[in-house]
Each structure stands twice: as structure tokens, then as C-alpha cells.
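I have placed the structure first, in the form of C-alpha cells, so that the comments after it can refer back to it.
The values are calculated or read from the model by the stated rules, or taken from the named source; none is laboratory data. Being a predicted model, the structure only gives us computed values, none of them experimental. Cβ atoms come from the backbone with ideal geometry, glycine included; neighbour counts cover every protein chain shown. Ligands, DNA and RNA are excluded from the accessible area calculation, which covers all protein heavy atoms including side chains. Shrake-Rupley method; radii C 1.70, N 1.55, O 1.52, S 1.80 Å.
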Amino acid sequence: MLSSLRLERGTGNALHDQLTGQLRDLILSGDIPPGTRLPASRKAARELEVSRNVVVLAYEQLRMEGYLEARVGSGTRVQPRLPGHLLSPRTYGPENEKHPTSDPLRFSGPGTRLARARPIPLRHGRGPGPFLPGVAAPEHFPQRIWSRVASRLWRTRSRELVGYGDAQGDPVLRNAIADHVRRFRAVRCRADQVMITSGSQQGLDLVARMMIDPGDPVLVEDPGYRGARVAFEAAGARLHPVPVDAEGGRFGEDEAPRGARLVYTAPSHQYPMGVTLTLSRRLRLLEWARETGAWVVEDDYDSEFRYGSRPLPALQGLDREGGVIYLGTMSKVLAPGLRLGFLVLPESLVEPFRWARTVTDTHSPSILQATLGEFIREGHLERHIARMRGIYAEGREALRAALEGQLDDEVEIVSDEAGLHLTVLLPAGVDDRAVSRLAAEKGVEAPALSDYAIRELPRGGLVLGFGAAPVEEIPDAVGRLAGAIRRVRR
Ligand SMILES: Cc1ncc(COP(=O)(O)O)c(C=O)c1O
């Protein structure tokens, strides 16, 4: 019975744990049937060439777990009342998933929609290649200062940081964020309207879950940010695409569906077209939202990076009715892996969102929030943004120059005033998805504009991020991109 057991020394895995695990597997697989008497510990130890204590400990553990029973005078045996017909060979793999839950696989309504959601795939681990859009330069993350602030907090506030925190977020951080957006974005808010989220994606998901019933019309810019689109779709929204032109989303210009619950916009720097929503359109949008009773969700994801002109203040600051939900994120100004973003909520939404947050994930990790709070309070974020603005401006300049030098006849730059990407249009009739696929084969990531669109676009294009592309690699990467475009044109 013991001949199939293999105990190995020096693996870092204690012998009695190995023996426990292997005996448990043999019982579960039915190889040692219920009622079987096990050899006495002394005899088993001799056979296995281990000390008796190893066997005693393993038997005792399995007895506590209910696999074995020990009777004075009659030794140790496998629990006879184990339901033998439920014991089965324990090999793992999809072919063994025979539980009725997976045949057929059935989800709830929201679960079905979530499982179908297809945002642009995230990149894990690997550093981003040129021109993956929307990512901050990982090599410039202010790691030294960040870890200094974090270590200090672990030394001075660890008791508080290891306990549960406020569902709305660390108060120091909320104050720092409120101060930041008031000063730099003209957002009108108090710290108690700020809720710290796990990136803006969680903010979008919360808004979608709180505001949208299946079938509700939701207006989104088209082309637009897929992270927002999939969050609304997962809540069952009926998306109504709003075309984008040089003045931003054409809100209030075309017929909007009746009963719209919500409108999503990135007014400072439309994603991915890069245009800014004009003041008159902003005012019209707020007016329309007030008349129809729709919430406006303002995604202000990267407006800190503006080259040349000053950014228009946030739409939220123009609103007098409490109808705008403002979303911000640290993903562009600092790093996406921190998963730190925030909502600025109208007063009426603070309490309900706070409860919803308690149910979903309670709150974002306290140490990260506290570190960011101090980081902002001590002025590091402001300095980091100023430094990165210079670095990104160089990247943008290099990309623009390379595009003009190598692809002047082929692409048209739509807008390059802000942010971490440039969007270019391809000549009419050129299949942007084919270009994107070919470029990817050459190690250049240039998502097709069509992949951000709901309705077919008059012209395809490419979204080119320069945030994480080292400046010296840009001309060569544009060369490879040019090769892909020319091959598709031919
Ligand atoms: C329009 C837009 N909003 C928000 C984000 C940031 O998302 P998160 O804060 O969830 O990382 C991005 C990042 O790609 C974006 O492009």
C-alpha cells in the first residue's frame, strides 16, 4: 500500500506534509478504499525510511481532517463511512469539469454581458512597445521618492494602514485630490465629494451599475474610449453613438434618443481623436442634460499634458446643477499599475456610492492611497507632471517629425495638442485593421481607429502612443509602420 509513496528530502516541503498529501490523494482517488487498515506507524516508518514521528504527524493530520479514524487496540483505518461512490480520480483539466454548473455554462444577465465585454486587451508584464497608446513611461516612475514616502508611512502609520479604512478613501488623499483638481482643473468640489477608486475603470463600472438599467439609452462619443463603452454595455445600456468632429462630440446637434440616462465624454482631450470640446458645445451639452435629466460623465484622464496652449477648465466647473460626475486617474500622470483613480460626485450621490463601494470592494488599498496622499501634499506630483510634460513633448515632437518625414503623403495628423498619443488618418479606402495587424508583426503597436468606433468611419486611422516609446526608437518604428501602410496600399 505504501510502495507508491515518494517522499523527497531537501525540497523545502516537510516530509510529514508530503506524506499527508500523498495519502489524502490515495484515499480520494479510491486507491485506498474506505475501511482499509493502515500499517502501524512504526512499521510504516521503517518501510518509508523516515522517523516514526513523520508518520504519526501525517496520521494525526488526516484523522483531524476526517479521512482516518484511530481506535485503541485496532490501529488506524480509513474512515469507513466516506461515500465511496463520490471518491474519484483527481486529475485536473477542462475535460474533467463535469459539474452541472458548466454544462451548459450559464451566467446571470450581467454576468453574460461581462463575459462578452471585449475592451482592448491589457498588456501584462512586458514593457509596452512603440506605439501602444495611453501608457505612461514606466522608466520615469519616481520610484525613489515613492518608496521613501511609503516607508515613512509604514514606520509612522502602520497600525492605521493595516486596518479597514474609509470606503470613500483616505481623507488626506481626498483632500489632496480636491485641492489638485480645484487648482488645476477648476473643478468645484469639497474633499467629501471625492471617492478614491481603483483606476477610472472602477469609477465607470460603479456609475454604470448605479445608473443604468438594461435597455437604457447611453450616449457615447464615436469613436470613443472602449473602457467606458464596455462598462456601460455590461450594465445593459443601449449605446447611442455621437459622432466626433473638430469641435468634439456633436452633442445637441443630432437627434438624441428619448430617456437617455447618461452621456459619457472626454471633453478636454477626446479619446482617441484628441480634439477638445468647444465651450459652446459644453454649454449645450449641460443644457441638454439638464432638460432631459441625464447624467454627464466627464472623463478627464490626461489633460495635465497639454503642449503649448492651456487646457480648458473641466466641464464639471461649468455645471451649476450637480449633474456632472467627474472621473480622474493616476494612470497617465503617474502609473497605471497603481490602480488609483477618483470620482468627484455631486453631493446627492456621495452617500449611495459610498454604500455601493462598501459592497463591491470596501476600499482601495490603504497604503497606496496614503502614499499618494503624501506624494501630492508634498508637491511631488506637481513636479513629476512638469518633468514628464517636457519628456512627452520631446516624444510627441519626434513622432510628429518622423511621421512628416516618412509618411507625409500617407497620413494626416488629426490633433496633437495634448496627451500621450497622436491619432492619424489614413487615405480613404486603406484598411486600418490590416495596417495595424501588419505593423504588429513588425513589433509596432498601432491600434486601428476602426476598433474604437461603433459606426463605420469615413476614413480609417491609427492611434499612436508616444508616452512609453523611447525617443531614439521612434524614427525606426515609424519606418516599420510606413512599410506596413505601403504594403496594405499596394
Ligand atoms: C479615455 C481614458 N480614460 C481613462 C483611462 C484610464 O483608465 P484607468 O484609470 O482605469 O487606468 C484611459 C487609459 O487608457 C483612457 O484612455
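Net charge of the neighbourhood of residue 153, taken over other residues with C-beta under 14 Å away and scored Lys/Arg +1, Asp/Glu -1, is +2. Rounded to the nearest whole Hz, the Karplus-based 3J(HN,Hα) values (6.51 cos²θ - 1.76 cosθ + 1.60, θ = phi - 60°) of the stretch 375-388 follow the sequence 4, 6, 4, 7, x, 5, 5, 4, 5, 5, 4, 4, 5, 5, with x at glycine and proline.
Under a 1.4 Å probe, what is the accessible area of the chain per residue, stated in Å²?
Value for the chain: 49 Å² per residue.
Extension gain for the segment residue 98 to residue 280, taken as residue separation times 0.36 nm less the Cα-Cα distance, is 59.6 nm to one decimal.
Apply 1/(1 + (r/R0)^6) to the Cβ-Cβ distance of residue 397 and residue 290, taking R0 = 35 Å, and write down the FRET efficiency to the nearest 0.05.
Here the calculated transfer efficiency is 0.25.
Between residue 112 and residue 472, what is 0.36 nm times their sequence separation minus the Cα-Cα distance? Round to one decimal in nm. Please list the in-between numbers first.
Working: separation 360, 0.36 × 360 = 129.60 nm, distance 4.50 nm.
Length gained between residue 112 and residue 472: 125.1 nm.
Centre-to-centre, using Cα atoms only, the stretch 1-61 and the stretch 302-341 are separated by 61 Å.
If you sort the three axes of the alpha carbon gyration tensor as a ≥ b ≥ c, you get a/c of 1.5 or more for the chain and a/b above b/c, which makes it prolate.
Find how much the distance from residue 49 to residue 6 grows on full extension, using 0.36 nm per residue of separation minus their present alpha carbon separation; answer in nm with one decimal.
Numbers: separation 43, 0.36 × 43 = 15.48 nm, distance 1.08 nm.
Answer, rounded to one decimal: 14.4 nm.
Taking every pair of distinct Cα atoms and averaging 1/r, then inverting, what Kirkwood hydrodynamic radius in Å comes out for the stretch 284-405?
Details: mean 1/r = 0.0584 Å⁻¹.
Over the stretch 284-405, the inverse of the mean reciprocal pair distance is 17.1 Å.
In this simple spin-label approximation, residue 164 and residue 145 carry label points 7 Å from Cα along the Cα→Cβ vector, and these lie 3.5 nm apart.
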